[in-house]
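Values quoted throughout were computed directly from the atomic coordinates according to the rules given, and no laboratory measurement underlies them. All figures in this text were calculated on a predicted structure; none of them were measured in a lab. Cβ atoms come from the backbone with ideal geometry, glycine included; neighbour counts cover every protein chain shown.
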Amino acid sequence: MTGRIFDIQRFSIHDGPGIRTAVFFKGCPLRCAWCHNPESQSPRPQLMFYAHKCTGCGRCAGVCPNTHTAACTGCGRCADVCRSGAREISGYEITLEEALRTVLRDRAFYETSGGGMTLTGGEPLAQPDFARELLRLCREQGVNTAVETSGFAPWEALEGLLPLLDHVYYDIKGIDPALHRRNTGVSNEVILANAERLKQSGANVVFRMPYIPGFNDGELAAVRAFTEGSPLQLMPYHDTGAGKYAALGRDYPAAAAAAPERAFMTALAEETGAIYEP
Ligand code: SF4
Ligand code: SF4
């Protein structure tokens, strides 16, 4: 069995407790305006071009079957000959065994830090079979497991993973249906229904709200009310993904948003009883 991913990041400290290895699934049904991993959205391999690294050597032009037009298929020939790192292909197939082998490399760090593996993305629930098998293999090896998800999937996809998960980080990006659709491209009906079932399931869940000024910041009170009784973590906007939009030849829909100050987020978390980890 193989899965489509775009990265495996070792020594991650932002994707659950302790030191973790984050497996980034490629493909997501949402199009959040503020997404900081735009290369995660399409399930297909994609060319990323970093113009500031290009030396103008011209090697790439000679190998492209599509003359570098919008018809790019992500074949990767240009990236193979580019020596400056200006061209990269994001996205590849990986076998379960290969993914597990990479995760197990840092087992000693998981044991000393209370860490483990986190499935993230992209949307892990869009590849439920690969996600489940990788979690199962990690569990067999005694590795702590977590998932970060938008919850936009049939309930059965999430339910099938729950017995294999130590932590579930579940995004609630807004309660107002029209605003949610405008910000993410999809309805929040399924997301909220799955969240209700998740609350009843006994899973170790932390709800997360991306806090994006000008997009969904007015939704905080409603999100706090919806998640009452469960932990809610605030994830403030940052613009680290901006360069990736340029590399994909796309406009960044949230370019005008401003990153909130730490002190402001700390006060907001205190006021609402939410978690904020600067
Ligand atoms: S990945 Fe590179 S070589 Fe392949 S079609 Fe796209 S631009 Fe051309
Ligand atoms: S091969 Fe790389 S460095 Fe050379 S022109 Fe193409 S993108 Fe630029």
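Return yes when residue 78 is within 16 Å of ligand 2 (Cβ to nearest atom), over 30 Å from residue 14 (Cβ atoms), surrounded by 19 or more Cβ atoms within 10 Å (Cβ to Cβ) and not charged (D, E, K, R) and no when it is not. Step through it out loud before you land on a result.
Numbers: within 16 Å of ligand 2 (Cβ to nearest atom): yes; over 30 Å from residue 14 (Cβ atoms): yes; surrounded by 19 or more Cβ atoms within 10 Å (Cβ to Cβ): yes; not charged (D, E, K, R): yes.
So residue 78 fits the description; yes.
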Would you confirm whether any residue within the range 94-103 is more than 10 Å from ligand 2 (Cβ to nearest atom), without any contact (Cβ under 8 Å) to a residue 60 or more places away in the chain and within 29 Å of residue 247 (Cα to Cα)?
yes
State all residues of the range 38-69 that are aliphatic (A, V, I, L, M), near ligand 1 (Cβ under 10 Å from one of its atoms) and surrounded by fewer than 16 Cβ atoms within 10 Å (Cβ to Cβ); if no residue qualifies, say none.
61, 63
Residue 72 meets each of (1) away from ligand 2 (no atom under 12 Å from the Cβ); (2) of a type outside the set (D, E, K, R); (3) on the phi > 0 side of the Ramachandran plot with one exception, condition (3)
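Counting only residues that are touching a helix residue (DSSP H, G or I) at 6+ places or on another chain (Cβ under 7 Å) and within 30 Å of residue 138 (Cα to Cα), which one in the range 81-104 is surrounded by the fewest Cβ atoms within 10 Å (Cβ to Cβ)? Explain how you work it out, then say what you get.
Taking the range 81-104 as the starting set, the residues that turn out to be touching a helix residue (DSSP H, G or I) at 6+ places or on another chain (Cβ under 7 Å) are 81-82, 84-90, 96, 99-100, 103.
If we keep only those that are within 30 Å of residue 138 (Cα to Cα) as well, we get 88-90, 96, 99-100, 103.
On the way: 88: 17, 89: 18, 90: 24, 96: 15, 99: 24, 100: 18, 103: 25.
Selected residue: 96.
Does residue 51 meet the test of being within 30 Å of residue 256 (Cα to Cα), within 10 Å of ligand 2 (Cβ to nearest atom) and touching a residue at least 12 places away in the same chain (Cβ under 8 Å)? Full working, then the answer.
On the way: within 30 Å of residue 256 (Cα to Cα): yes; within 10 Å of ligand 2 (Cβ to nearest atom): yes; touching a residue at least 12 places away in the same chain (Cβ under 8 Å): yes.
Yes; evaluated as a whole, the condition is true for this residue.
Is it fair to say residue 16 is within 16 Å of ligand 2 (Cβ to nearest atom) and part of a loop (DSSP other than H, G, I, E, B)?
Working: within 16 Å of ligand 2 (Cβ to nearest atom): no; part of a loop (DSSP other than H, G, I, E, B): yes.
Spelling it out, it is not the case that residue 16 is within 16 Å of ligand 2 (Cβ to nearest atom) and part of a loop (DSSP other than H, G, I, E, B).
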